[in-house]
Each structure stands twice: as structure tokens, then as C-alpha cells.
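Participant: Structure provided below as C-alpha cells; questions to follow.
The values are calculated or read from the model by the stated rules, or taken from the named source; none is laboratory data. From a predicted model like this one, the values you see are computed outputs, not experimental measurements. Counting neighbours? That spans all protein chains shown, and the Cβs are built from the backbone with ideal geometry, glycine included.
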Amino acid sequence: MNKLQKDQQAILKKLNIAALNKMQLDAQKTILAHDDVILLSPTGSGKTLAFLLPILAQLDPNCTEIQTLILTPSRELAIQIEQVIREMGTGFKANAVYGGRAGSKDRIELKHKPAILIGTPGRVADHIRRGTFTTHFISTFVLDEFDKSLEIGFEDEMVEIAFALKKVKKRILTSATNSIEIPRFIRLNEPKTLNYLTHKNEQLELVTVLSPAKDKLKTLVTLLKSLEDKPGIIFCNYKDTINWVSNLLQEHNIAHGCFYGGLEQQDRERALIKFRNGTHKILLATDLAARGIDVPEIEFIMHYQLPHRKEEFTHRNGRTARMMSDGTAYILRWEKENLPDFIVEAEPKILYEKDIAKPQNGVEKHWQTLFISGGRKDKISKGDIAGLFFKQGNLTKEELGVIEIKQDCAFVSVEKSKAEAVCEKLNNSKLKKKKVRISLA
């Protein structure tokens with residue numbers, strides 16, 4: 001076994017991954033052997049790990065400047081990639097820069113240059129203009145979900161960044177769709193294309209649920225209650241619709257989070273944290289959540305509003321039935337509403353509202369998320385937090401849920417019935433050398 005294989009085994013062990021899938025193995029081999037690679041693979045298939053492993057293998061540990069630049073269309077995807085690299089534990093520094101937070105915070109973190117910089121096109125272009133870092137040592141350029149960046153209007157910034165990178169030797173483009181022409185400004189030279197988009201997902205079940213009412217709200221509530229405690233995403237086309245549906249779910253005591261572009265970055269991050277740790281089983285979202293967010297395996301998605309294009313339909317569906325798991329995509333349709341051709345072609349099964357199975361227990365909230373005012377910069381670990389909650393909070397392992405640590409704070413889920421008492425007991429406790437505030441998030 002060579003050093004590359006040993007290093008990879010150690011990384012996979014830290015990530016709790018038994019083995020790479022075929023796409024990841026093929027991508028790693030291809031990226032190591034070719035300068036320009038286009039990787040097309042469905043949402044949730046593991047593209048991030050597929051390109052990170054060969055990139056990390058080729059980094060120079062003696063270089064003190066940025067060697068790899070990864071562009072992402074969304075803040076959430078940038079944060080997710082940064083987190084994956086940290087969890088790999090390779091010793092290489094990575095930082096994410098993106099809009100929605102102070103540029104001064106970026107500059108403080110970038111004083112000590114990372115080996116890998118991840119960012120959204122607007123923020124990266126701004127730093128290049130300001131001369132925050134040199135591009136002279138950047139030899140690998142990744143455009144993750146590049147078609148999405150173009151779709152949402154980042155082409156000018158992407159052109160600016162591409163022409164600022166004079167020393168790039170390797171270019172990697174990834175996408176979950178194959179419907180867009182590669183822009184010439186990326187300057188690919190005889191790229192090697194890996195296309196894993198050709199296979200139909202046999203684990204995904206498509207179900208059309210017919211609603212007698214045009215607003216479909218009663219049908220939505222009935223369907224959600226029949227699914228009881230299963231995690232899922234409800235897709236809407238507009239933030240106004242999300243707010244409207246959110247009010248309805250609150251009336252029916254259905255715990256949920258909201259995720260769309262108009263929210264403050266902190267609110268978007270907290271919505272995903274609560275969805276990941278089970279505080280909210282339901283996420284109301286626009287197509288911003290169809291790609292590039294880090295969420296656990298979910299059992300269903302719902303199209304409350306029908307998507308406008310086939311690509312949006314495909315990406316939404318790609319959030320479930322991932323990585324060898326089954327999933328269902330529900331299409332909520334008013335009885336007199338016509339389906340787009342691309343949905344008719346998918347041949348969904350039809351279910352009438354009156355035939356929806358009655359729930360056994362109803363939807364209940366089990367977890368509550370707590371905020372902790374200390375994080376990685378304070379040398380606080382997950383073990384430190386767990387120890388505090390077990391020893392001083394008197395929680396059992398079953399009463400403590402997912403712990404997430406950020407740079408300057410942390411979040412932990414605890415059994416809902418214990419949350420307020422634990423906050424009172426542990427607030428102003430010491431973690432490492434820092435006195436931390438603990439409150440309901």
C-alpha cells in the first residue's frame with residue numbers, strides 16, 4: 001500500500017466512510033491523470049470528496065500561499081466544503097469566504113494563508129481586486145456546480161477570476177446537470193468528461209397527490225401528518241409562498257424551518273443546523289436548497305409549487321433517494337392543474353387526498369437546539385461539550401443529540417423536555433478556559 005492509499009484510508013476513517021463509490025474512484029484517478037476534468041454526477045453522489053481527495057494529494061506542504069481555489073454558487077456550499085476539509089484532518093488549512101459576513105473577518109482569517117480557499121464568485125473577485133492574497137501560487141481551479149453560478153448571474157465575476165489566475169495548471173468543473181455549454185473563458189484544453197447522469201434513479205418513487213382545492217394547503221397538512229416524523233424538504237418557488245405555508249404549519253403545530261435567499265446568513269445557517277440535528281424535521285425551501293447544502297439523508301421531498309424547468313425538478317428530487325437509500329418525491333397538484341411535460345414523462349403514481357393514510361401518532365417535536373458562545377477558536381471540541389452536558393447537565397446519551405462546532409460558537413441538540421432546565425443549569429459554565437453562554441437557539 002503506497003502513501004496515497006494510506007493517507008486516503010486515514011481520511012475515510014475520520015469521515016466514517018467505509019469505501020469510495022465508483023464515481024469517486026473514477027474521478028480521483030482521472031483528476032490525478034488529466035489537467036482539465038468535467039465531472040457530471042447527481043446531487044448527493046459525493047462529488048465534493050471526489051475532487052478533494054486528489055487535490056489534497058497534490059498540495060505542497062511547504063508552500064505558505066493559496067494553492068487551490070474552489071468557487072461555489074452558494075454560501076452554504078462554501079461552508080460545507082470548508083467543513084469537510086477540516087473533518088478530513090490532513091493538516092492543510094482551508095478557509096471559506098462569502099457574502100453576508102464582514103469582509104474584515106475574511107481578511108483576519110486570510111492573514112495566515114490557507115492551502116485551499118473556497119468562496120462565492122462575488123466575494124473572491126472582491127478580494128482579488130483588493131490584493132488580499134496573491135494568485136501566483138494557485139495551480140488548481142475548481143468550479144463546483146459551475147452551471148448554477150452562471151445561472152444566478154455570476155458570469156462577470158467568474159470571468160474576472162479566471163483571467164486573474166495566470167498559473168493554473170488543473171481545472172475541475174462539477175455539475176449535477178448536463179444542459180449548459182462550457183464557457184470559453186474557463187479555457188479548458190481537451191478536457192476529460194466523466195458523466196454519471198445517464199442512469200435513472202430506481203430508488204426514487206414519484207407520487208402525484210391530487211388536491212380538490214386550488215391552494216393545496218389542506219392536502220399538504222394531511223400528507224405531512226401521514227408521514228409523521230419523517231424528515232423532508234418542501235419546495236416552493238417563491239419566498240412569499242414559504243412565509244404563507246410556514247404560517248399554516250405553525251397553526252397545525254408542525255415544527256419546521258425556512259430556507260431561502262432573502263434570509264440573513266445567520267438565519268439560513270441556523271435553519272440548516274436545526275434540520276440536521278432533528279429539531280425540525282421539515283424544511284420549507286426555494287430551489288436554493290436543491291443543490292449544494294449539507295443535509296442528512298431525507299425520506300421525501302415535496303413539490304408544493306411545480307418547478308418551471310426539468311433541471312429544477314431533477315435537482316429537487318436529487319435531495320432524496322441518495323447514496324443507496326430509498327426516497328419519495330411528492331408532486332402536489334390541484335385536480336384541474338396540468339402537469340408540465342417533463343413531469344408527465346416521469347410517470348408518477350397518482351394518489352388522491354382521500355386515500356392518504358391516517359397517521360398513527362401525529363407529528364411531534366423531539367429535539368431543541370441550544371446555542372453555545374464558544375467554538376473552534378477557543379479550542380473547544382465536541383468531547384468537551386458532551387462532557388459538560390453529561391457530567392454537569394446530567395443528560396444521558398439518549399438525551400444528547402448532534403453537536404456542531406463553528407469558528408466562534410457551537411450548537412447542540414438536547415431532548416426538548418430537558419432543554420430549558422439544562423440551559424439554566426449550564427449557562428455561564430466553563431469550557432476549556434472560556435466562560436460560555438448557553439441559551440435556546
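Participant: Condition (residue is touching a helix residue (DSSP H, G or I) at 6+ places or on another chain (Cβ under 6 Å), small (Gly, Ala, Ser) and more than 30 Å from Phe259 (Cα to Cα)) applied to segment 3-24: is it met by at least one residue?
Facilitator: Within segment 3-24, not a single residue is touching a helix residue (DSSP H, G or I) at 6+ places or on another chain (Cβ under 6 Å), small (Gly, Ala, Ser) and more than 30 Å from Phe259 (Cα to Cα).
Participant: Can you pull out the residues in segment 346-359 that are surrounded by 10 or more Cβ atoms within 10 Å (Cβ to Cβ) and part of a loop (DSSP other than H, G, I, E, B)? Outline the logic, then answer.
Facilitator: The first filter runs over segment 346-359 and keeps only residues surrounded by 10 or more Cβ atoms within 10 Å (Cβ to Cβ), leaving 346, 348-353, 356-357, 359.
Residues satisfying the conditions are Ala346, Pro348, Ile356, Ala357, Pro359.
Participant: Report every pair of residues separated by at least 6 positions or lying on different chains whose Cβ atoms are under 6 Å apart, first residue within segment 252-265 and in contact (Cβ under 8 Å) with a residue 24 or more places away in the chain, second polar (S, T, N, Q) and surrounded by fewer than 21 Cβ atoms within 10 Å (Cβ to Cβ).
Facilitator: Close Cβ pairs satisfying both conditions: Cys258/Ser246; Tyr260/Thr286.
Participant: I would also like to ask the following. From Pro183, Pro191, Pro231, which residue is buried (at least 18 other Cβ atoms within 10 Å of the Cβ) and over 25 Å from Asn338 (Cα atoms)?
Facilitator: Selected residue: Pro231, the only one of Pro183, Pro191, Pro231 that is buried (at least 18 other Cβ atoms within 10 Å of the Cβ) and over 25 Å from Asn338 (Cα atoms).
Participant: Select, from Leu20, Leu4, the only residue that is surrounded by 12 or more Cβ atoms within 10 Å (Cβ to Cβ) and either of a type in the set (Lys, Arg) or without any contact (Cβ under 8 Å) to a residue 40 or more places away in the chain (or both).
Facilitator: None of the others qualify; the one that does is Leu20.
Participant: Looking at segment 301-311, is at least one residue within 14 Å of Ile233 (Cβ to Cβ) and within 14 Å of the chain's Cα centre (by Cα)?
Facilitator: No, segment 301-311 contains no residue that is within 14 Å of Ile233 (Cβ to Cβ) and within 14 Å of the chain's Cα centre (by Cα).
Participant: Only residues that are surrounded by fewer than 22 Cβ atoms within 10 Å (Cβ to Cβ) and among the β-branched types (Val, Ile, Thr): list them for segment 139-180, please.
Facilitator: Those that are surrounded by fewer than 22 Cβ atoms within 10 Å (Cβ to Cβ) and among the β-branched types (Val, Ile, Thr): Ile152, Val159, Val168, Thr177, Ile180.
Participant: Do any helices (runs of 4 or more DSSP H) entirely within segment 63-145 hold 1 or more residues that are within 15 Å of the chain's Cα centre (by Cα), and if so, which?
Facilitator: 75-88
Participant: Can you pull out the residues in segment 115-132 that are within 18 Å of Ile55 (Cβ to Cβ) and touching an Asp or Glu at 6+ places or on another chain (Cβ under 9 Å)?
Facilitator: Just the residues of segment 115-132 that are within 18 Å of Ile55 (Cβ to Cβ), to begin with: 115-119, 124.
Hits for segment 115-132 are Ala115, Ile116, Ile118, Gly119, Val124.
Participant: Give me the residue from segment 218-266 that is out of contact with any Phe, Trp or Tyr (no Cβ under 9 Å at 6 or more places or on another chain) and of a type in the set (D, E, K, R) and, out of that set, farthest from Leu370 (Cα to Cα).
Facilitator: Lys218
Participant: Return only the number of the condition from (1) out of contact with any strand residue (DSSP E or B) (no Cβ under 8 Å at 6 or more places or on another chain); (2) among the small types (Gly, Ala, Ser); (3) closer than 20 Å to Glu65 by Cα that Ala162 does not satisfy.
Facilitator: Going through the list (1) out of contact with any strand residue (DSSP E or B) (no Cβ under 8 Å at 6 or more places or on another chain); (2) among the small types (Gly, Ala, Ser); (3) closer than 20 Å to Glu65 by Cα, Ala162 breaks only (1).
Participant: Then there's this: Got a sec? Which of Thr135, Thr177 is modelled with pLDDT under 95 and in the same structural domain as Lys14 (by TED's automatic domain parsing)?
Facilitator: Thr177
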